[in-house]
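The values are calculated or read from the model by the stated rules, or taken from the named source; none is laboratory data. Predicted model, so just to flag it, every value in this text is computed and none were measured. Note that we place each Cβ from the backbone using ideal geometry, even for glycine, and neighbour counts take in every protein chain shown. Keep in mind that these areas ignore ligands, DNA and RNA; they rest on the heavy atoms of the full protein, side chains included. Shrake-Rupley method; radii C 1.70, N 1.55, O 1.52, S 1.80 Å.
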Amino acid sequence: MFVLQGPALTRRRKPGAALALLVAVAIGATVLVKLVTQGGPAATGCRVSAGSTSYRLDPEQAANATTVAAVGKRLGLPDHAVTIALAAALQESKLRNLDHGDLDSLGIFQQRPSQGWGTASQVMVPRYAAAAFYGRLAIVAGWQDMAVTDAAQAVQRSAGPDAYARWEPEARLLAQAVTGEVAAGLSNRPAASLPAAMDQELGSAPLGVNVAPARGWTVASWLVGHARQYGIASVAFAGRRWTPGGGTWKADPRAAPSAVQVT
């Protein structure tokens, strides 16, 4: 199912690790199939594929995965290191940059400032968090020959030391796609256009025509919430205007009193 190259072919496993790996592969395969079937052929987001196996990531997950890979390769580390890092991030946060966690854990690796990983603001920057992870991995003796779950645990020191094993198949496939082992392994289906998305989620959501105040603020709030995704520069309604740079609604005599406007 997976093509293993380089260090992945020579890693030594602890006694009994083979059985654990078989279980992990079975679980991972189930996870991959579930992710593919949930997305469906028309799903948006990124598709990771190698051979006949594929699954989907949303834009945030894809951005974080490619950042983790890019940092690892910039540091001159082998693909096995990227696989370890991705398995850790999948287990800790599902590749999401979380601003919360157990105790003071934060970010894609759920790193704890109190444990010397950096400041809270630093570990919330994916490229910093990835570099910090690789920095600690590099000082683990023999990590190049460790199983993915053992190496990840040596860095993370999790209360569930075997938890990373379930993500090893997915992490391997993802690492192959984002490090160039597999050509064209990561693809993206763009989100629907703004008008189409508004129709799908808001129903009839006319812009530039008079609407009731509650309806207008519903539409305006939706546009603010999706501003980054659709590159919205401003939203205006009821004599006020919001812009990403300003961050708040401000009085604007050019804003129509009863019509939602977007640029």
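A few notes on this one:
- The selection criterion, being within 18 Å of the chain's Cα centre (by Cα), assigned to a helix (DSSP H, G or I) and surrounded by 24 or more Cβ atoms within 10 Å (Cβ to Cβ), does not hold for A165.
- Summed over region 224-245, residues that are hydrophobic (A, V, I, L, M, F, W, C), over 18 Å from S193 (Cβ atoms) and touching a helix residue (DSSP H, G or I) at 6+ places or on another chain (Cβ under 7 Å) total 3.
- Looking only at residues in region 209-220 that are surrounded by 14 or more Cβ atoms within 10 Å (Cβ to Cβ) and small (G, A, S), the one that is farthest from W242 (Cα to Cα) is G216.
- Of all residues making up region 180-208, the number that are over 20 Å from H226 (Cβ atoms) and either aliphatic (A, V, I, L, M) or open to solvent by 30 Å² or more (accessible area, probe 1.4 Å) (or both): 7
- Qualifying residue in region 147-161 (condition: open to solvent by 50 Å² or more (accessible area, probe 1.4 Å), at pLDDT below 95 and touching a helix residue (DSSP H, G or I) at 6+ places or on another chain (Cβ under 8 Å)): yes
- Residue satisfying all of: in region 99-109; touching a helix residue (DSSP H, G or I) at 6+ places or on another chain (Cβ under 7 Å) and of a type in the set (A, V, I, L, M, F, W, C); surrounded by the most Cβ atoms within 10 Å (Cβ to Cβ) among these: I108
- Residues satisfying the stated conditions in region 115-132, i.e. crowded, with 16+ Cβ neighbours inside 10 Å, within 15 Å of L77 (Cβ to Cβ) and in contact (Cβ under 8 Å) with a residue 60 or more places away in the chain: A130, A131
- Residue list for region 57-68, filter: buried (at least 21 other Cβ atoms within 10 Å of the Cβ) and either at positive phi or not in a helix (DSSP H, G or I) (or both): L57
- Selected residue (only one of R96, R74, R112 is under 16 Å from Y134 (Cβ atoms), at pLDDT 90 or above, open to solvent by 50 Å² or more (accessible area, probe 1.4 Å) and among the basic types (K, R)): R74
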